[in-house]
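*Asks:* Sending over a structure as structure tokens; questions will come in a sec.
The values are calculated or read from the model by the stated rules, or taken from the named source; none is laboratory data. Every value quoted in this text rests on a predicted model; they were computed, and no experiment measured them. In this analysis, Cβ positions are derived from the backbone assuming ideal geometry, glycine residues included, and neighbour counts consider all displayed protein chains.
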Amino acid sequence: MFGFFRRRRRRRLRAAPPPATWSEILARNAPFVAGLDAADRARLDGDLQVFVAEKHFIAAGGMAITDEVKVTIAAAAARLVVHLGIERYDDLTEIIVYPSAYRHAGADGAILGEAHAWGVVVLAWDAVVAGLRNPRDGHDTAVHEFAHVLDRADGSFDGAPELHAGAHYRPWATVMQRSFDRLRGRDAQLRKVLRDYGATNEAEFFAVATEAYFERPDDLRRRAPSLFDELERFYRPQP
């Protein structure tokens, strides 16, 4: 019954035109939107409506939550699921936003973002904006953390999101492990397109590879074609 009401509410949200100010926000902070075709743009606009309405945005460290903050972060999240469905984020409930890099008590180093197992993403706002406004550097904090959310949807942060068919898991595991090992081995070609942080573990590898897939797809296809193909089959499933 709950699912029925949620689907009905989402249909209503999608049917309503987005506020006019959202286009200005997207043009300023999410230049990738301009490259979408009409069908993908329509799906993205609907997903933005749903995401902004359903998720709780929480200010931290003196941050102020505005429409610009909500729409920009929603755009980063929706970018990943244009062909997957916004329901991939159903277990995500809260986005905590700091104005800039933050620290945990007793921990070393500043943090730009985190994804937690209990349905929370934490983001540094200036890192979100910097990542989206520079769409070709292969580094996008928000995309990275939302990739972790997709990964966690099947129960664990392990670098293997819920794929579209059982037959996809074996080739996915083979290609991901081989590519992860290449990066850990400091393969020169792969390091030109994937950040070294991806060698931390399998979950970080998937998130870093996702950043490259969306920001540097041509480089990724050229330097790691099998990795590109697996990500393409996941993010843009064919009928």
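*Asks:* Do you know which of the residues in the stretch 222-239 that are over 14 Å from Met176 (Cα atoms) and loosely packed, with under 13 Cβ neighbours inside 10 Å is nearest to the chain's Cα centre (by Cα)?
*Replies:* Residue satisfying both the conditions and the ranking: Arg236.
*Asks:* Ala110 fails exactly one of the following numbered conditions: (1) in contact with a Phe, Trp or Tyr (Cβ under 8 Å, 6 or more places away or on another chain); (2) exposed (fewer than 15 other Cβ atoms within 10 Å of the Cβ); (3) under 29 Å from Ala53 (Cα atoms). What is the number of that condition?
*Replies:* Answer for Ala110: the failing condition is (3).
*Asks:* Could you give me the residue pairs with C-beta distances under 7 Å whose first residue belongs to the stretch 109-124 and is farther than 13 Å from Ile58 by Cβ, whose second residue is of a type in the set (D, E, K, R) wherever it lies, and which are 6+ apart or on separate chains?
*Replies:* What qualifies is Ala110/Arg103; Ile111/Arg103; Gly113/Glu145; Glu114/Glu145; Ala115/Glu145; Ala115/Arg152; Ala117/Arg152.
*Asks:* All but one of (1) within 20 Å of Arg221 (Cα to Cα); (2) without any contact (Cβ under 8 Å) to a residue 24 or more places away in the chain; (3) surrounded by 15 or more Cβ atoms within 10 Å (Cβ to Cβ) hold for Thr174; state the number of the condition that does not hold.
*Replies:* With respect to (1) within 20 Å of Arg221 (Cα to Cα); (2) without any contact (Cβ under 8 Å) to a residue 24 or more places away in the chain; (3) surrounded by 15 or more Cβ atoms within 10 Å (Cβ to Cβ), Thr174 is out only on (3).
*Asks:* In the stretch 125-153, how many are more than 23 Å from Tyr98 (Cα to Cα) and in contact (Cβ under 8 Å) with a residue 60 or more places away in the chain?
*Replies:* Residues that pass the stated criteria total 2.
*Asks:* Go through the stretch 75-85 and count every residue that is outside any helix (DSSP H, G or I) and at negative phi.
*Replies:* The qualifying residues number 3.
Residue-by-condition table, conditions (1) in contact with a Phe, Trp or Tyr (Cβ under 9 Å, 6 or more places away or on another chain); (2) assigned to a loop (DSSP other than H, G, I, E, B); (3) outside the structural domain of Glu211 (by TED's automatic domain parsing); (4) surrounded by 16 or more Cβ atoms within 10 Å (Cβ to Cβ):
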{"position": "Gly61", "(1), (2), (3), (4)": "yes, yes, yes, no"}
{"position": "Ala64", "(1), (2), (3), (4)": "no, yes, yes, no"}
{"position": "Val69", "(1), (2), (3), (4)": "yes, no, yes, yes"}
{"position": "Ile73", "(1), (2), (3), (4)": "yes, no, yes, yes"}
{"position": "Glu87", "(1), (2), (3), (4)": "no, no, yes, no"}
{"position": "Ile95", "(1), (2), (3), (4)": "yes, no, yes, yes"}
{"position": "Gly106", "(1), (2), (3), (4)": "no, yes, yes, no"}
{"position": "Val128", "(1), (2), (3), (4)": "no, no, yes, yes"}
{"position": "Leu132", "(1), (2), (3), (4)": "yes, no, yes, yes"}
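*Asks:* May I pose another question? Only residues that are in a helix (DSSP H, G or I), surrounded by 15 or more Cβ atoms within 10 Å (Cβ to Cβ) and not charged (D, E, K, R): list them for the stretch 35-59, please.
*Replies:* Leu44, Gly46, Leu48, Gln49, Val50, Phe51, Val52
*Asks:* Just to check your reading of the model, which residue among Ser156, Ser179 is free of Cβ contacts under 8 Å to residues at least 60 places away in the same chain, in a loop (DSSP other than H, G, I, E, B) and outside the structural domain of Val82 (by TED's automatic domain parsing)?
*Replies:* Ser156
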